[in-house]
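Inspection log for the structure reproduced underneath, given as structure tokens.
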Amino acid sequence: MSSSLTQSDKRGVAGDRVFSALTVSAGVVILLTLAFVALFLTVNSRDAVYQEDQGGWILTAFLDYAYPLVIGTLIASFIALILAAPVAVGVALYISHYAPPRFSKGIGYVIDLLAAIPSVVYGAWGMSFLGPALVPVYGWLHENLDFIPLFAGNPSQTGRTIFTAGVVLGVMILPIITSVCREIFIQTPKLHEEAALALGATRWEMIKMSVFPFARAGIISGIMLGLGRALGETMAVALVLSPGMLTASLISSGNSTIPAEIALGFPEAPPGSERQAQLIAIGLVLFLITLLVNMTARWIVSRHKEFSGAN
């Protein structure tokens, strides 16, 4: 018996070592992949910022090209986040704490189905239905709020604007944020909820005192995950936005985002050309923005965890 237990222990130790080696290898592969992507983007974007026949660095010209695209990407993503985050948290709360059990599963299933719809379908919906439906809204905003720069300029007659793209992105990231928040809300310790209710708290007071503090880090993670999806979305935005002169208005045609610019311009860019280098360079910019967003999200989540632990 002692000998067999010893052999079993040895097999267990060997299994632990193999599993540890596999997990470390998986982590190394991810880091190497990330490093190779960054290296590829950096090397192939050199011609967009440095050309010897033009006197060396042409960084200013590239920044003039990239700046409107970066602003358009950030504006569309934050519009999506502002519209989707409150709705997603509310829907997640309804599913986890308000809806009857026979309804909550069905509603959760429908929300999850939204994430399975291809982005090109969202883009076609935004281009053919949502955009024209928002044209009267853009006209009203221009007539009544044109003193605000975001609503100045001639309103689009097709509805294919950066605001429409932001609304479409908001619908696309809604199921992501909802799913994450719902799972976190469900995991709130029942004893905490029952204790709050036993002390005379209403359901909403119980949610504020027990659910939100417990789920704060998870809510932030879900929102940042949705923001990352919005930053990188390509086809839906490319279908919704119409080409034209770039403008600072949310209701005028002509704005674009980095993913849409790459998707529309890369197939026509000659291999090895300055145009291709420009597109790869703005891809590097998007890579850095996404990396910064994820690092910021991790920092915020870790701070909230430390704060919760201290309390």
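The values are calculated or read from the model by the stated rules, or taken from the named source; none is laboratory data. Quantities reported herein were computed from a predicted structural model and do not represent experimental measurements. Positions of Cβ are generated from backbone atoms using ideal geometry, with glycine treated the same way; all protein chains shown enter the neighbour counts. Side chains are part of the model used for accessible areas, which takes the heavy atoms of the whole protein and leaves out ligands, DNA and RNA. Shrake-Rupley method; radii C 1.70, N 1.55, O 1.52, S 1.80 Å.
Just a few scattered comments:
- Accessible surface of region 146-288, 1.4 Å probe, proportion on carbon and sulfur as whole %: 67
- P(r) tail for region 18-144: Cα pairs beyond 24 Å make up 65% of the total.
- Accessible area per residue for region 117-260 is 45 Å², calculated with a 1.4 Å probe on protein heavy atoms, without ligands, DNA or RNA.
- Under-5 Å amide H pairs with Y50, H placed in peptide plane, nonlocal only: I58
- Computed from the Kirkwood radius of its Cα pairs, the Stokes-Einstein diffusion coefficient for the chain at 10 °C and 1.306 mPa s stands at 70 µm²/s.
- Just so you know, the averaged projected area of the alpha carbon convex hull for region 93-199 sits at 10.1 nm².
- Volume of the Cα convex hull of region 134-273, divided per residue and given in Å³: 157
- Helical segments meeting 15 Å axial Cα length and Kyte-Doolittle 1.6 threshold in the chain (DSSP H): 59-93, 162-186
- Efficiency of FRET from Cβ geometry, S273 and T33, R₀ 25 Å, rounded to 0.05: 0.40
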